[in-house]
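The values are calculated or read from the model by the stated rules, or taken from the named source; none is laboratory data. Here the structure is a predicted model, which means the values were calculated and not measured. A quick note on method: Cβ atoms are made from the backbone with ideal geometry, for glycine too, and the neighbour counts reach across all protein chains shown.
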């Protein structure tokens, strides 16, 4: 199997705004056809691996989940040569066995967001990618191994439900999502994971539990002050995790076992003669591999 250079993209969520371990770190401003990403990209190296970090909520956590320009974020990472994405995200838990401090390596998503742009494709160039298996198992394996070696509490597998927010759930909603079999809840991994798949970027999430949402009778409603306390410890573990997983993955990579790098070969419906040139231009980074050929 052909090995190619790796450039690891890391998207930091609530509490994760930088990576201090980056060597030769530099800030790079990236413009995209979809607008500005959440922040400049912090680029450097860890254990010989090129790493690109993006703070999902921007400097100072000034961007709410519903205001994040997810398309610009994924385009900027792809445009910068990123080959794989690891997402670090705060979340609430629906399971007693997934307490605050647990890192849940989810493998499925339910998208309940309604106000966000969810695709790079549309009028003039139509594509439908498969999201049956949204998480790259190879990245999941690396995250799990790193968590185990670092003694970070983790659980492999689970379903993440994404809501618009910015409010936390009502008790009725929390119980509904539990009845659906959801394991954790967050506000940011959708449409992020969908867009990563459209950009042919393998993606995996470490969902860092901060609370029990509001279903837990003994814990009570979610309070930001309590979330922030847990978030501080989670953030420290996330920093350790990024360093270890970068070294574990290494500077050379093999294709995702899901074939993510060529998913557009089976997704684009609009034939070349019918494609809107302006859409082709906008997709130069996301789908350039396919469109140029």
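For this structure, a couple of remarks:
Per-residue answers, yes or no, for (1) out of contact with any helix residue (DSSP H, G or I) (no Cβ under 7 Å at 6 or more places or on another chain); (2) touching a residue at least 60 places away in the same chain (Cβ under 8 Å):
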site	(1), (2)
40	yes, no
43	yes, no
46	no, yes
50	yes, yes
66	yes, yes
72	yes, no
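- In this structure, residue 78 does not qualify as surrounded by fewer than 20 Cβ atoms within 10 Å (Cβ to Cβ), touching a strand residue (DSSP E or B) at 6+ places or on another chain (Cβ under 9 Å) and touching a residue at least 60 places away in the same chain (Cβ under 8 Å).
- Of everything in segment 222-272 that is in contact with a strand residue (DSSP E or B) (Cβ under 6 Å, 6 or more places away or on another chain) and at pLDDT below 95, the residue that is surrounded by the most Cβ atoms within 10 Å (Cβ to Cβ) is 234.
- Qualifying residue in segment 59-68 (condition: under 16 Å from the mean Cα position of the chain (by Cα) and part of a strand (DSSP E or B)): no
- The residue that is modelled with the lowest pLDDT, among those in segment 21-38 that are under 22 Å from residue 234 (Cβ atoms) and touching a helix residue (DSSP H, G or I) at 6+ places or on another chain (Cβ under 7 Å), is 21.
- Of all residues in segment 128-181 being touching a helix residue (DSSP H, G or I) at 6+ places or on another chain (Cβ under 6 Å) and assigned to a strand (DSSP E or B), the one that is farthest from residue 95 (Cα to Cα): 162
- Under the condition of being part of a helix (DSSP H, G or I) and buried (at least 19 other Cβ atoms within 10 Å of the Cβ), the residues counted in segment 274-293 number 2.
- Residue in segment 91-112 that is modelled with the lowest pLDDT, counting only those that are assigned to a loop (DSSP other than H, G, I, E, B) and surrounded by 20 or more Cβ atoms within 10 Å (Cβ to Cβ): 100
- Which numbered condition residue 50 misses (of (1) in a loop (DSSP other than H, G, I, E, B); (2) more than 29 Å from residue 279 (Cβ to Cβ); (3) under 19 Å from the mean Cα position of the chain (by Cα)): (1)
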